[in-house]
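In what follows, a single structure is set out as structure tokens and then discussed.
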Amino acid sequence: MPILENDLRTALASVRDPHTGQDFVTSQALTNLTIEGGDVAFDVVLGYPAQSLLTPLRQQLIAAARTVAGVQNVSANVRWEVRSHAVQPGVQLLPGVKNIIAVASGKGGVGKSTTSANLALALAAEGARVGVLDADIYGPSQPLMFGVSGQKPESIDGKTMQPLEGYGVQLMSIGFLLENPDQAMIWRGPMAVQALEQMLRQTNWHGLDYLIIDLPPGTGDIQLTMSQRIPVTGAVIVTTPQDIALADARKGIQMFEKVSVPILGLVENMAMHVCSQCGHVEHIFGHDGGKALAQDKGLHFLGSLPLSLQIREQADSGKPTVVAAPDSEVAAIYKKLARDVAVQVALASTEQAAKAPTISIHRKK
């Protein structure tokens, strides 16, 4: 009995992407479908790094294909591919970098740098090539978090710098360029902005899928320069549930909206404290404030993270949670958050392609 392609596509459409909720047929992720007798072969290409999902998705797709009458052998190739996406008009692209993701907050002390580090490490764990630019000129913390404090970048040509590396992530920070790590950066805004642009464009980033920029808190010169002169794919907003943090987060959201940088989602840090002795959950800074803000602004809510002693200790020791405890519950939250961010980048690209004008050429008679 011959295998009908429509039957096979219908069966494969029963398997859905766990992050987008879409089936792979409708989303056109299914490609190269061939049928030869009882042998079936196809590819499924995800738009985001998902190394941990490839095997279970492949198994689900094979099982779905085998439900079709006549199917004997199934060859399923599931892979992912990160593409370069559109950025602000008139902004010079950055060589060696496909996507730039800015991690921002309206105020300090909400865990933005810790989120940046674990986001980068989680994307790397899923197979992506990732870099981190520590743009917090006045308070660089990424060298400490990645365990590379005191190291200096090399220059091969005397004009550009090679990024340092920590846990497979490429790194650049003003902290690497100071003679004394305790040195205070007493710079006015234009000097800080110039330092940011030099670190960004004079670093030889090597084939990055994502460059995470850990921004300083607030909506000042550095944030405006980053959003207007740097090719940003999108921004992630980090906040805590308390009202004072949410008020400042709203200002950060408005800034990105005004300069037409897409907001990929919102992360709620320190959402609750779980007692290590009895397991009691207490919402010290308020309950679901970040989730409510995301809903109010129509943003994707990326998830909540606990107020945890382990997260702080691991970051301070130079080994963030994703590498210190990769199988922990908190690491799982960071990894899901990272995939969701990558999915939002991929979906934004699809929407931009759909809005692109169609040019019709009519032959003159």
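Explain nothing, just the number: dipole magnitude of the range 36-180 about its Cα centre with +1 on each Lys and Arg Cβ and -1 on each Asp and Glu Cβ, in debye rounded to the nearest 20.
Details: 10 positive and 11 negative charges, 59 e Å.
The calculated dipole for the range 36-180 is roughly 280 debye.
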Nearest-0.05 FRET efficiency for E154 and L224 at R0 = 22 Å, using Cβ-Cβ distance, is 0.10
Sorted largest first, the Cα spans of the range 25-86 on the principal axes come out in Å as 43, 22, 16
Taking a ≥ b ≥ c as the square roots of the Cα gyration tensor eigenvalues, with a/c under 1.5 meaning rounded and otherwise prolate when a/b beats b/c or oblate if not, the range 1-143 comes out prolate
Connecting every pair of Cα atoms under 10 Å apart in the chain and solving the GNM, the largest mean-square fluctuation among G298, G166, G21 falls on G21
Within the set L264, L46, L337, GNM on the chain using Cα springs under 10 Å gives the largest fluctuation to L46
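Under the Kirkwood approximation for Rh and a Cα-based Rg, what ratio Rg/Rh is obtained for the range 105-148? All intermediate terms of the calculation are to be shown ahead of the outcome.
Working: Rg = 11.0 Å, Rh = 11.3 Å.
We get a ratio of 0.98 for the range 105-148.
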Counting sequence-distant residues (5 or more places) and residues on other chains, those with an amide H built under 5 Å from that of I284 are H273
For E5, placing the label point 7 angstrom along Cα-to-beta-carbon and taking the range 19-44, residues whose amide nitrogen sits under 18 Å are 24-44
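Only helices at least 27 Å long along their axis, Cα-based, and averaging -1.0 or more on Kyte-Doolittle count here, so list those DSSP H runs from the chain.
Working: long enough: 329-355 (39 Å, 0.25).
Length and hydropathy pass: 329-355.
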For the range 68-109, the accessible surface attributable to carbon and sulfur atoms (probe 1.4 angstrom, ligands and nucleic acids excluded) amounts in percent to 48 percent
accessible surface per residue for the chain, probe 1.4 Å, DNA/RNA/ligands not counted, whole Å² -> 49 Å²
Answer in debye to the nearest 20: the dipole magnitude of the chain about its Cα centre, from +1 Lys/Arg and -1 Asp/Glu charges placed on Cβ, is 1120 debye
Per residue convex hull volume, Cα only, the range 228-319, in Å³ is 117 Å³
Expressed in square angstrom to the nearest 10, the accessible area of L33 with a 1.4 Å probe stands at 40 Å²
SASA check, S276, accessible area w/ 1.4 Å probe, all protein chains in place, rounded to nearest 10 Å², comes out at 100 Å²
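Contact order normalised by length for the chain, with contacts defined as Cα pairs under 8 Å and 6 or more residues apart; what percent is it? Provide the component values of the computation, followed by the final result.
Values: 698 pairs, mean separation 67.3, N = 365.
Relative CO of the chain lands at 18 percent.
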Summing +1 per Lys or Arg and -1 per Asp or Glu among the other residues with Cβ less than 14 Å from L337's Cβ gives +1
Checked against the positive end of the charge dipole of the chain (+1 on Cβ of Lys and Arg, -1 on Cβ of Asp and Glu, about the Cα centre), the farthest of I3, G298, M199 is I3
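In percent, how large is the relative contact order of the range 67-186, given Cα pairs closer than 8 Å and 6 or more residues apart?
On the way: 103 pairs, mean separation 23.9, N = 120.
Relative CO of the range 67-186 lands at 20 percent.
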Quick P(r) readout (the range 61-126; Cα-Cα; 5 Å bins; whole %) gives 3, 11, 13, 12, 12, 13, 9, 8, 8, 6, 4, 1, 0
Under a 1.4 Å probe, counting only protein heavy atoms, E313 has an accessible area in Å², nearest 10, of 80 Å²
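Tell me which trypsin sites (Lys or Arg not before Pro) from the range 61-159 have a DSSP coil assignment and no more than 15 other beta carbons within 10 Å of their own. Mind showing how you got there, number by number?
On the way: sites: R66, R79, R83, K98, K107, K112, R129, K159; in loops: R66, R83, K98, K107, R129, K159.
Those satisfying the criteria are R66, R83, K159.
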Taking every DSSP bridge whose two residues both lie in the range 208-338, the antiparallel percent to the nearest 5 is 20 percent
Which of [x] 19.1; [y] 20.8; [z] 24.7 is the computed mean projected area of the Cα convex hull in nm²? It is [z]
Checked against a 30 Å limit on the C-alpha separation, the offending pairs among K98/K336; K258/K291; K159/K251; K152/K336; K291/K335; K152/K319 are K159/K251; K152/K336
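The values are calculated or read from the model by the stated rules, or taken from the named source; none is laboratory data. Every value quoted in this text rests on a predicted model; they were computed, and no experiment measured them. All Cβ positions, glycine included, derive from the backbone under ideal geometry; neighbour counts span all protein chains shown. Surface accessibility is based on the protein's heavy atoms, side chains included, excluding ligands, DNA and RNA. Shrake-Rupley method; radii C 1.70, N 1.55, O 1.52, S 1.80 Å.
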